[in-house]
1. Which of the peptides A:73-84, B:145-156 is most tightly packed, and how do the rest follow, going by the mean number of other Cβ atoms within 10 Å of each residue?
2. Using a 10 Å cut-off around each Cβ of peptide B:181-190, what is the average number of partner chain Cβ atoms that fall inside?
3. Can you tell me how the range B:127-240 classifies by the Cα gyration tensor, rounded, prolate or oblate, using a/c under 1.5 as the rounded cut?
4. Not counting ligands, DNA or RNA, and with a 1.4 Å probe, what is B:Ser28's accessible surface area in Å² rounded to the nearest 10?
5. Sort the following peptides by mean Cβ neighbour count (other Cβ atoms within 10 Å, averaged over residues), highest first: B:168-175, A:43-50.
6. Leaving ligands, DNA and RNA out of it, rank B:Ile96, B:Ile45 by accessible area with a 1.4 Å probe, largest first.
7. Non-local amide H neighbours of B:Phe136 (under 5 Å, H modeled in plane, Pro and chain starts lacking H): which ones?
8. If you average the alpha carbon positions of the range B:129-144 and of the range A:39-115, how far apart do those two centres end up, in angstrom?
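The values are calculated or read from the model by the stated rules, or taken from the named source; none is laboratory data. As the structure is a computational prediction, the values presented were derived from the model and not from experiment. Virtual Cβ from ideal backbone geometry, glycine too; neighbours counted across all protein chains shown. All accessible areas refer to the heavy atoms of the entire protein, side chains included, with ligands and DNA or RNA removed. Shrake-Rupley method; radii C 1.70, N 1.55, O 1.52, S 1.80 Å.
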Amino acid sequence: MIESTGPAMHPNLERYYDSATDRAAVDRHLANCPECRAWLADIHERLGQLQCDAFVELVTSYLEHAVDPQVRAKIDDHLRLCEGCRNYRDQVQETIATIGRVGEQAEPPEIPEQVRAGLVAAFRLWQREAVMDRQPRAD
Amino acid sequence: MGRVRGVTGAPAVATGSGARHPASPGGSEAILVERLRMGDEAAFIGLVERHHGVLRRIARLYATESVAEEVVQETWIAVLRGLERFEGRASLRTWIVRILINIARSHGAREHRQIPFSAFADPAADVEAAVDPDRFQGPEGRFPGGWVSFPQRWDEQPEERYLSSEGVEVARRAIDALPPAQREVVTLRDIEGWSSDEVAEALAISAGNQRVLLHRGRSKVRAALEAAMVDAAARKESRR
């Protein structure tokens, strides 16, 4: 959605490439507004700082907070301008959540009684051996 | 390059909604280890119960159901035998899982299901794109490197419902189909909820390698979910 600020019809040009934007309407405004044309040129330059195909390779590091501050700043700015990459980032987060649900579905495996008894026996045997190892030799 | 360690013995950071139990912090682990060394059977049973599930799930990445069960039992024996040597530098959980993985790998070698160590070698040596390059504009495009068409939102219907139902099965199959090293990292991070440090510790790889494997694994699962939803939408459309 385009927001106007002030008495003149100044759109929020950071939303210019959003799918919901009526670009024809904004373009009519741009025809008469050199300030906004300059603003849009600046936005194009900012978009050139980090391409979408680069972002998708950085998204994991970004979500882990494992990118350099300068790169992080570029990514944050790109996300302000780019609905596609916002959606992609959100898709990755939904993917992580869905993967988490795979774990919830898994039956917590019962420890079969036999196995439990076997482990207890092994523990007791280990204990006895450990205790024996610690005894001074009766020479 | 030093590996960054968690401050308190690496408690888990949940990365997925299915995140499981965090590792105990360093202090209470030292107490537990001491109790085990002194023959506290209840402490041992408690430890087994806490970890049996995750050990079974990890063993299943390498082996069939019955072999996995064997691997887990051998692991507990090896844990007891190795307890004297355990110095507490790693968390108990990552130490146990590391023992498990070594045992699982040697079983795999016997059954010719080995995950080659080269699978964990520097994955950055291989180039793998997270997203099909066709999804992006080429050098002649209006925005080189920009999306040809934007990815969809998944927090609206019907996608949101799909991701809570059929989507989970799609994700499960996508994870099963991952190359082994990626499957391990995605399982430990996003299913078991381990931290990046714990996974790097358990798999004996660098944090960077771990991240690359996670990135690739997650990217494939995302792509599988996207394809499945496009497919489901197309089938629904064709039924109208």
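1. On the way: A:73-84: 18.2, B:145-156: 16.6.
Averaged packing, sorted descending, gives the order A:73-84, B:145-156.
2. Numbers: counts 0, 0, 0, 0, 0, 4, 3, 0, 3, 8.
Average per residue, whole number: 2.
3. oblate
4. The accessible area comes out at roughly 60 Å².
5. Numbers: B:168-175: 20.5, A:43-50: 15.1.
The packing order, highest mean first, is B:168-175, A:43-50.
6. B:Ile45, B:Ile96
7. Amide H neighbours of B:Phe136, under 5 Å, 5+ apart: B:Val148.
8. A separation of 19 Å, based on Cα centres.
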